[in-house]
Structures are given as C-alpha cells and as structure tokens.
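Q: Take this structure, written in structure tokens, and hold onto it; I'll ask about it next.
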Amino acid sequence: MCNKDVISELKYVQKQFLCAVPIPKINWKNIFDVFNCELQENLVSRTVNLSLVLEYPIQISYQKSFLKHLINRLERKGLTPSDCLYDAFGRVVALGDAGPYFRHYFLENGKIISLKENSSFISEGTTGLCSWQASLALSEWCLGNEEFLKGQAVVELGSGVGLTGLTVALCQAKQVFLTDGHPSVLKVLEDNVRLNSGLIPTDTDVQVLSLPWENIDTNRNLPSVDILLAADVVYDSSVFPCLLNAILHFFKFGTKTLVIACTERNPTTLKQFLLLLESNHIIYEELKNYSQHNFLWSTESPIKIFLCSLRYTT
C-alpha cells in the first residue's frame, strides 16, 4: 500500500474518531497491516492530540477506549505500540470525564462543524442534547441539495444541538432559525452557533428561537419562511398533534416545503404519522438515500427522508 493510500485511511479513521463512531463500528481499513511507529504517531496527532480535541474534547471515556483498542490490537498482532500511544493513554486516563464534551464533523470540503453535546440518552428532561441519526442523514441531504436551500429562509423544528441547522447555514441559506422548546437545548444551541460562527457565511442570518409546538398559535414573533426542516421528531405518537399543528401553522403562513427525516424504529409509528399528514391534505414523497460522504450514521434502523407540501384543493 503506497503512502498516499495509508494517509487516506488514517484520515478516514480520524473522521470516525472526531464524531465518536462507536469503537466496535469503526472501519479501520487496512491500517494495522502497516501500522509502524511513524504511522501510530501520525494517527495520535490526528485524534487525541489534535489541537481541536484538546480544546474541545470528545468524551474522555471514548478517547480511552479508542487508545486502548489500538494498543490491544497491536499487541495481538505481535507489534510493539509506540511510546506516543502509551503517553497519550496515560494523559487521557488522568483526565476527568465531567464534560462538557464535543463531537466534530469533518466535511468533504475541509470544514469542521463542532458541537457541544450530552452523552445521556435523556438529559435534563429532554432528548435534544445530542445529534440523532436522522439529523446526520438530513444534513447529508442538505449538502447534496445546496441549490435548493441557497437564498432561502429556513426553520428547523426541534433542532437539538443544531447540526442540521448549521449545515443549512453552510449551504448559503438567507436565514436559518434553529428552534426548540426546552431551555437547556436552547442554551446549547446558542453555544453551538457561537462555536461555529466562523463557518457561517457573512450574508447568512442564524438565529435561535424558543418554539414550543403546543403554543405555536399564540406566538406572534414567528418568522415567515420558505422551507421547514425536521429530523427525528417522529418517535412518539403522543407528540403528533402538537407537531402537526406546528407544520400546518407554517404552511398556513406561506411555507411551501417540509423536508423531514425519520428513523424508522417502529414502522407502525411512522405509518401513523404519514397517514396523519395525508388526512390533513399534506402530500409527501420519499427521497432517495444519500451516501455517507460528510456524515456517518448507523443503518441498523432505516432512515427515511420525505419531501412534503400542502395539497391545495379547489
């Protein structure tokens, strides 16, 4: 394997590390076939010793597991781990894991979106403090449809930590409104907008708005937008009435299109939501899946993306 191929494979491992792909799921390519001390040092410098990670650390327990896996894998192959691996492991072990912690998404254009997250499935009474799989797929779709978003005003419902909304900003949307209804999520959204402010085009306006779906009819400060986005909001049928109310509200005031990404954990729940759309004169079509170039997500549960619009009746 030539040096160019090895570096390419190290970069792909780096990409997976930065966004904290679970260790058993990492595709190591063929790096262990040629993993000499020089290449070990190269990988360490791209991961746990990267200046971005030192300043905005990935969860410490994840970094420990990553280094431990490298050391154990080398030892099983009868190879000697380099001093830099042991030094990095010793440094990381000495660190606390209290947080905050971050994930970093290395895009094909060389830009990196960094997000503050929370590792708990439910934290502070909300599921919105981490990036969900459908948001990764929807963000990939956005980068593949930049012309569709360019110059548009866009609202994301249930923005969570802001991955999709920030990706839309990189697509040169005119305005991007990141919304949620939970105070802790809104605080993290504001932090992440500031953290990524250097990536946002100067002529793109990004705002964070409090938008509880149940109170949307009484909100007098809602923006007029062209496109509505949502990811991983179709997981609990009990929220469907409020979610539908929010969607219909935006359609009523001029929004033309909804793009919604759904992780199909329960086919019955998704079917129930789609039937609800149909019964409220919303038509939809399923869009093709995009390859994982910029973002990496689990395919254990299917992710489906739908393009929706209001069916006008005469």
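The values are calculated or read from the model by the stated rules, or taken from the named source; none is laboratory data. Worth saying up front: this structure is predicted, and the values here are computed from it rather than measured. Because the Cβ atoms are built from the backbone with ideal geometry, glycine has one as well, and the counts that use them run over all protein chains shown. When the accessible area is computed, the model is the full protein with side chains, heavy atoms only, and any ligands, DNA or RNA have been set aside. Shrake-Rupley method; radii C 1.70, N 1.55, O 1.52, S 1.80 Å.
Okay, residues lined up against (1) open to solvent by 20 Å² or more (accessible area, probe 1.4 Å); (2) at pLDDT 95 or above; (3) under 17 Å from residue 293 (Cα atoms); (4) part of a loop (DSSP other than H, G, I, E, B):
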| residue | (1), (2), (3), (4) |
| --- | --- |
| 119 | yes, no, no, yes |
| 129 | no, no, no, yes |
| 136 | no, yes, yes, no |
| 139 | no, yes, yes, no |
| 147 | yes, yes, no, no |
| 154 | no, yes, no, no |
| 160 | no, no, no, yes |
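Q: Moving on. Could you grab me the full set of residues in the stretch 288-314 that are surrounded by fewer than 12 Cβ atoms within 10 Å (Cβ to Cβ) and more than 17 Å from the chain's Cα centre (by Cα)?
A: 288, 312, 313, 314
Q: Can we say residue 209 is assigned to a strand (DSSP E or B) and open to solvent by 20 Å² or more (accessible area, probe 1.4 Å)?
A: Values: assigned to a strand (DSSP E or B): yes; open to solvent by 20 Å² or more (accessible area, probe 1.4 Å): yes.
So residue 209 passes the test.
Q: Going residue by residue through the stretch 193-204, is there one that turns out to be in a strand (DSSP E or B), modelled with pLDDT of 95 or more, within 22 Å of the chain's Cα centre (by Cα) and closer than 12 Å to residue 154 by Cα? Show your work before the answer.
A: Step one: of the stretch 193-204, the residues in a strand (DSSP E or B) are none.
Looking for residues that are in a strand (DSSP E or B), modelled with pLDDT of 95 or more, within 22 Å of the chain's Cα centre (by Cα) and closer than 12 Å to residue 154 by Cα, one finds none in the stretch 193-204, hence no.
Q: Looking at (1) among the aliphatic types (A, V, I, L, M); (2) within 30 Å of residue 168 (Cβ to Cβ); (3) part of a loop (DSSP other than H, G, I, E, B), which is the one condition that is false for residue 95?
A: Condition (2) is where residue 95 drops out.
Q: Take the residues in the stretch 237-287 that are part of a loop (DSSP other than H, G, I, E, B) and hydrophobic (A, V, I, L, M, F, W, C), then tell me which one is surrounded by the fewest Cβ atoms within 10 Å (Cβ to Cβ).
A: Filtering the stretch 237-287 for residues that are part of a loop (DSSP other than H, G, I, E, B) and hydrophobic (A, V, I, L, M, F, W, C), the one surrounded by the fewest Cβ atoms within 10 Å (Cβ to Cβ) comes out as 253.
Q: Shifting gears a bit: Just to be sure I understand, how many residues within the stretch 243-255 are in contact with an Asp or Glu (Cβ under 8 Å, 6 or more places away or on another chain) and within 16 Å of residue 156 (Cβ to Cβ)?
A: Number satisfying all stated conditions: 2.
Q: I would also like to ask the following. Give the residues of the stretch 216-236 that are more than 19 Å from residue 133 (Cα to Cα), out of contact with any Gly (no Cβ under 9 Å at 6 or more places or on another chain) and crowded, with 18+ Cβ neighbours inside 10 Å, sorted by residue number.
A: Within the stretch 216-236, 216, 227 qualify.
Q: Sort out which residues of the stretch 18-76 are among the small types (Gly, Ala, Ser) and closer than 25 Å to residue 294 by Cβ, and write them in order of number.
A: Selection gives 20, 45, 51, 65.
Q: Here is a further query. Out of the stretch 212-234, which residues are in a loop (DSSP other than H, G, I, E, B), free of Cβ contacts under 8 Å to residues at least 60 places away in the same chain and not charged (D, E, K, R)?
A: Within the stretch 212-234, 212, 219, 221, 222, 234 qualify.
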